[in-house]
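Enquirer: Have a look at this one.
Values in this text are rule-based calculations from the coordinates and carry no lab data. As the structure is a computational prediction, the values presented were derived from the model and not from experiment. Neighbour counts run over all protein chains shown; Cβ positions are idealised from the backbone, glycine included.
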Amino acid sequence: MSQDVGLEFIKNPLLRITPQQCLNDPFECLPSNSVKNDINRLLKSNSVPVKDSDTFFNDLNSFISMHGIISLSESPDNLLMWSHYADEHRGIVVEFEVDEDNPFDLFITDIVPESSDAKFGRVSYRKARKYPYNINNDSIGPIRDYYYLSKSDEWIYEKEYRFITPFTMANYLLCNKKNPHWQKAFKAAGLPLPIEDSSQSYVKSNLLIHKEALFASWFHSHNTGALFLTNVNSQRICKVILGVKSDTEKFISSMKKYESEDPYRTYYSSFTDKFINVEQADIDPDRYELVFNDLNKKTR
C-alpha cells in the first residue's frame, strides 16, 4: 500500500473492497465470447431444461455487480509489486495470517460472508479466457468464480489471492461530498449528503447512509471516487515492512502515537522501547533484490 494509505492503516487497519469497474485490468471478471456462445447453445437445446438466456446472464451479472475484490499477494519482495502498488517503494507491505479453514476471520464484520457466496481463493494465470469445463444449468457459480479468480499470465508476478465479497461487508465508506457525481447519486435517491463537517471523511456506511444511496455509491464508485472499506482483525496482522524509500520517521511517529489504541495492534512498545514485528526493506548490495532488516537494528 502507498505511504498515505499505510499511515492510515497503522491508525485504523482497513482494506478496500474494490468493484469490478474500478480494477485496472479491463479483462477482470469478463466472460469470453466462447463461454457466452456455449451457454446460449445449451439454453437453446431441447434436451436440457434450463433457464432462459437473459435470466442466466442477469444472474451472473448481478453477482458481479454486487461483489467486490480484496487482493493480497504471497510475495512480499517482488520489485514490480513494490513499484506499482507501494508508491514506488515509499509505502509499506503488511503481512497477514489467513486461516484457510476460516479465511474471513481476517475481517471484523457483522455480515456472514458465506451467506452471500463470498469466496477466498488463489488466482490462476492463463492465456485463454475460455471457460474450460462443461456447462450446465448449475454452472453460474463455477463460471463466476472462474472469472473472478482468473487473469492473464502477464500478471503472474503478482502471485495473487483474492477475497470475493459482497460490498455490504464494508464497515466504512470514504467519500468526498464535493464530488459532483457523489452529489448526483444522493440527489437521485432523494437523500441529503451524510457528511457535514468535512470534505472528506470516514462514514459508518451501514449506520448513516440510506440503502438506496449506498447502492448508488457502490455502482457509481468509478465516478464518485467512493471507497468501501472493511475492518481488519488486528490479531491477524503479523508484520509490517517499510519500503526502501519510505519516510521512516513518519512511520515511527505514527506507530508510537497509536501504540495503545488496540492491544492486538502493537507495532511499538514504550515499555521496552522496541518495535514489534516491524522491518525495513534495503537494497541488496550485489543483486536486484530486497533484503528486510529488523527496524530496531536500524534505529539503534
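Enquirer: Structure shown: which of 11/187; 274/298; 11/274; 11/184; 159/297; 250/274 lie over 23 Å apart, alpha-carbon to alpha-carbon? Let's see the in-between values first.
Expert: Working: 11/187 33 Å; 274/298 11 Å; 11/274 18 Å; 11/184 31 Å; 159/297 30 Å; 250/274 16 Å.
Too far apart for the 23 Å limit: 11/187; 11/184; 159/297.
Enquirer: Once phi is turned into θ = phi - 60°, what whole-Hz ³J(HN,Hα) does the Karplus curve with 6.51, -1.76 and 1.60 give for every residue of segment 258-274, x standing for Gly and Pro?
Expert: Values per residue, Gly and Pro as x: 9, 3, 9, 5, 8, x, 9, 10, 10, 9, 8, 10, 5, 5, 9, 6, 9 Hz.
Enquirer: Each residue of segment 150-155 in order: what ³J(HN,Hα) in whole Hz does its phi give by Karplus 6.51 cos²θ - 1.76 cosθ + 1.60, θ = phi - 60°, with x for Gly and Pro?
Expert: Result, ordered by residue: 10, 9, 4, 5, 6, 9 Hz.
Enquirer: Report the GluC sites (Glu not before Pro) located in segment 77-153 that are in a DSSP loop and have at most 12 other Cβ atoms inside 10 Å of their Cβ, or state none.
Expert: Numbers: sites: 88, 95, 97, 100, 114; in loops: 88, 97, 100.
Passing sites in segment 77-153 are 97, 100.
Enquirer: On to the next question. Provide the FRET efficiency to the nearest 0.05 for the residue 58-residue 34 pair, computing r from the beta carbons and using R0 = 25 Å.
Expert: Numbers: r = 20 Å, r/R0 = 0.80.
Efficiency computed from Cβ-Cβ geometry: 0.80.
Enquirer: If each residue's Cβ is checked for other Cβ atoms within 10 Å, how do 268, 161 rank with the fewest at the top? Working shown, then result.
Expert: On the way: 268 22, 161 18.
Sorted ascending by nearby Cβ count, the order is 161, 268.
Enquirer: Sort 144, 236 so the one with the fewest other Cβ atoms within 10 Å of its own Cβ comes first. Working shown, then result.
Expert: On the way: 144 22, 236 18.
Lowest count first: 236, 144.
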